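Down below is the structure, laid out as structure tokens.
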Amino acid sequence: MNFRFASGRQFSIYNLRFFMSDLQKMREQARKIRELYDNIEPKEWRVDQIFMGMVKDIGNLSKKLMVYEGYRDDAKNDIKELEHELGDILLSLFWIAGKLGIDLEKSFWRTAEELEKRLSNF
């Protein structure tokens, strides 16, 4: 069975299941890591605290991107540094969504379809 975005681009149910399965595994792993943090922290982090941590990670990513693109000097100009910061940010997104009861998969597909509709009109 194939699905079609507003732009006409198609994707199969197999691709969707594969993607959803991976996101579900990622969400579960993020939950486990959050539980490990919660076990060593004196208090469970609130959404705003997780968000502030993510903002710090975004700042770190910004610095790493500047090094990577040659705007700053640093001995650690490595793609692994960028991967790490992006992973931190992704974990934070899963944690925030989990705390708020938001399904990231549904949010992603809904937003992607809305953007595709809007952008295909240009």
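Every number in this text was worked out from the coordinates using simple rules, so none of it is lab data. Keep in mind that this is a model prediction, so the values were computed, not measured.
A few comments on the model shown:
- Stretching residue 25 away from residue 100 to a fully extended chain increases their span by 25.1 nm, per 0.36 nm per residue minus the current alpha-carbon distance.
- Long-range Cα-Cα pairs in region 23-117 (distance over 15 Å), rounded percent: 68
- Extension gain for residue 32 to residue 116 (0.36 nm times residue separation, less C-alpha to C-alpha distance): 26.9 nm.
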